[in-house]
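The values are calculated or read from the model by the stated rules, or taken from the named source; none is laboratory data. Keep in mind that this is a model prediction, so the values were computed, not measured. Reconstructed Cβ throughout: ideal geometry from the backbone, glycine too, with neighbour counts over all protein chains shown.
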């Protein structure tokens, strides 16, 4: 099987290590992966800021960049949700584009969802003797209904003990994180407290945006706990996003 | 405008007591909701049905309103329609004046908060007294409700007690039970003397003209039963088509609001007092209010009109949990408030509230009718003139529309980042608008080698066939079990006991003995009772007469003796009634007020004794409606579903019983 990787702008620009891990895991699972060069950002920041016209332009740009018929794998629940749910809605009054958006939505999968539901993979022979906390990110969990998939993959890691952390928002929320910093901070602190109380040694998740907020907070408070994208753990990388 | 919300949220965050109360609310209410839903395996299916019921109404509003209006007329309810708040207030005031009233007692209604009814009445010299405990507290303090279900959410027990001491000169300590007792005696006098009662309406039923009121304390029943005039105020969108639809909504509303399987009292009202009825208002009015709703029904925000005001999204929202209700500066706060306020009261004034969300979706998950609140918030953001960081977004989008520009921007960011990085890979201080990020968290360094350069050579391989996809997985609904009659009565008993009620099982022949015995156990000196409408009550009343035990069969007179006789009935400590039906799933007893079947014994005394026959125990409300209940319900003027004693948790979630209605409910279950 062959897939195209939609890496997301954050992985591309801030956490290329996550993207490499995704490619490595998919390769090990017997999938050929390629990187469509036209891709940039899915447009979610513009949509969330209320700039629908800009969001529509980036949706069209991404439709073009991912025009090949291959399945699209996205290492982010949030950006997958944008493509799957918001593209058809943004392009609702452009029949031709809407049809393309629907077809793209149908062949777009979040990373863990693709591995478990499409490739039927559960064990990637990774091993990591740590207590790992799984942070269910909001758009992955509530937007896509993906929860058991990452948990199953984490449980397949040799020596790891997995704890699902409470599915409460970490306070990132895109622009929200700088627009309402006081509230974002309270929500982050609550998340950090849950992590502290749970005694986990590493936080895993499927969205680098949330993990960036959480690891940013862990680092600032001097905690030794780090965050990793699920793909990094499956690829046997050390703890930490970067 | 964002600043105003942010400013108020900042103050809320700096107030440790408020934070404690908000945490308590979020934790307790969410836990209760989840536990309540675990006991309802068909919840998913019910929510789907509830959603389509509400959609049916909101998208066909005029037809349902017409049907509802003609049924109300059949039932003798006087209908007034108000286009906006000013008209609603004028109509309410007209009714109040026509009855020469200078006092009204109100039960909780967010719509009357929305309309500013109290202020309009006060301005005309009419005193309006809130009788829901939380509303009463908030009114005493001259504040606005902090939550649509729990108005005094923001106050500690100590603050509430202090309010009673300073505002009313009450002598009490910082104790919810004592506050309760104080409120019971003060407001009882209001219930008995007020010439007009005003309530909201939780649901109207179009096909039958039913007004459904859901309360826990019993104040709603008092206000809709005791005064000679009852004015119900309802938003035009709060309809459901049929009684069966109502049964669906009633399974969800209390579970999502407070985690109860049912509220203590659900009243189904079909008109004023009829000839032969022992009590009830001689006149019932319904003021049906639009106030922007029909306009909203034509917009993308129409979905927000599906809301049944359970408050569940407020309890689930992480932003509400930090900022509290008052930060929203609107009668409707929290996630749904951030949609309803701009839709009803203006984008200009309230559009900024849509920024107060991370779009985490906890609200939608917590919504009984699945309102896509994140989607609606996005829509408000799109229509609002307030566009935070608009230039930045436009610049970013321009960059992102070209992979070349994007690559250059990555290079520039990486270069800039290297100048700022203090720790390897993470930056502790960012400049300009990004400084807010690094005030309390580190930011990752932009990579000098982004993924696109690392994977530059990974291009699309040669043509391949299109892969076949696995279908996306869906979870099937759980089957619903049916109970045998024995299991039904067992379940009834168990559920009622959970609610704090008592159940005494006895055989037909010993029932009268047990009931009379219970009166002596309770130390009662008088009994407020139904008449001898069925064999057990007949025997009981006969026995009491032989023993010279005083029995009062209430019949409220019209005119000046009204208050005196109500006061007299109110002094009797024990009430005795039969029941029309009972429901196993919620431990509910059904009573309807009619000749010799007064509702007062179930409302005024400290203790309510009810005789229920096991053959009348149905699995649930829906089952009873199907088995003939529907026709029965529509023929009554005032029917009430009673589930346990009167209760409240308005003060710091402390559950106390007997706030306005009976403290004790004892059911004699006749096998």
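Data for the structure
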{"quantity": "Residue in segment A:137-153 that is more than 11 Å from chain B (Cβ to nearest Cβ), farther than 30 Å from residue B:313 by Cα and crowded, with 24+ Cβ neighbours inside 10 Å present", "calculated": "yes"}
{"quantity": "Residue tally, condition crowded, with 21+ Cβ neighbours inside 10 Å and either without any contact (Cβ under 8 Å) to a residue 12 or more places away in the chain or more than 28 Å from residue A:173 (Cβ to Cβ) (or both), over segment A:13-24", "calculated": "3"}
{"quantity": "Scope segment B:393-412; condition buried (at least 17 other Cβ atoms within 10 Å of the Cβ) and under 28 Å from residue B:3 (Cα atoms); matching residues", "calculated": "B:393, B:396, B:397"}
{"quantity": "Residues satisfying the stated conditions in segment A:52-94, i.e. at the interface with another protein chain (Cβ under 9 Å from one of its Cβ atoms) and out of contact with any helix residue (DSSP H, G or I) (no Cβ under 9 Å at 6 or more places or on another chain)", "calculated": "A:68, A:70"}
{"quantity": "Qualifying positions in segment A:160-182 - at the interface with chain B (Cβ under 7 Å from one of its Cβ atoms) and farther than 19 Å from residue B:387 by Cα", "calculated": "A:168, A:169, A:171, A:182"}
{"quantity": "Tally, over segment B:312-345, of residues that are surrounded by fewer than 24 Cβ atoms within 10 Å (Cβ to Cβ) and at positive phi", "calculated": "1"}
{"quantity": "Residue within segment B:106-116 that is in contact with a helix residue (DSSP H, G or I) (Cβ under 9 Å, 6 or more places away or on another chain), over 18 Å from residue B:234 (Cα atoms) and at pLDDT 95 or above present", "calculated": "no"}
{"quantity": "Candidate set from segment A:30-51 (those that are in contact (Cβ under 8 Å) with a residue 40 or more places away in the chain and within 19 Å of residue B:376 (Cβ to Cβ)); member that is nearest to the other protein chains (Cβ to nearest Cβ)", "calculated": "A:49"}
{"quantity": "Elements of type strands (runs of 3 or more DSSP E) contained in segment B:158-229, each with 1 or more residues being over 27 Å from residue B:565 (Cα atoms)", "calculated": "B:203-205, B:210-215"}
{"quantity": "Any hit, segment B:62-83, residues being surrounded by fewer than 16 Cβ atoms within 10 Å (Cβ to Cβ) and under 30 Å from residue B:364 (Cβ atoms)", "calculated": "yes"}
{"quantity": "Where residue A:195 falls short, out of the listed (1) within 23 Å of residue A:242 (Cβ to Cβ); (2) part of a loop (DSSP other than H, G, I, E, B)", "calculated": "(2)"}
{"quantity": "Identity of the residue in segment A:104-129, within 11 Å of chain B (Cβ to nearest Cβ) and outside any helix (DSSP H, G or I), that ends up surrounded by the fewest Cβ atoms within 10 Å (Cβ to Cβ)", "calculated": "A:120"}
{"quantity": "Residue within segment B:624-631 that is assigned to a loop (DSSP other than H, G, I, E, B) and within 24 Å of residue B:490 (Cβ to Cβ) present", "calculated": "no"}
{"quantity": "Given (1) under 19 Å from the mean Cα position of the chain (by Cα); (2) assigned to a helix (DSSP H, G or I); (3) under 26 Å from residue B:294 (Cβ atoms), number of the condition residue B:37 does not satisfy", "calculated": "(3)"}
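This table checks each residue for (1) at pLDDT 95 or above; (2) farther than 17 Å from residue A:132 by Cα; (3) more than 18 Å from the chain's Cα centre (by Cα).
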{"site": "A:171", "(1), (2), (3)": "yes, yes, no"}
{"site": "A:189", "(1), (2), (3)": "yes, yes, yes"}
{"site": "A:196", "(1), (2), (3)": "yes, no, yes"}
{"site": "A:207", "(1), (2), (3)": "yes, no, no"}
{"site": "A:242", "(1), (2), (3)": "no, yes, no"}
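Conditions tested, residue by residue: (1) outside any helix (DSSP H, G or I); (2) under 30 Å from residue B:234 (Cβ atoms).
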position	(1), (2)
B:308	yes, yes
B:331	yes, yes
B:348	no, yes
B:360	yes, no
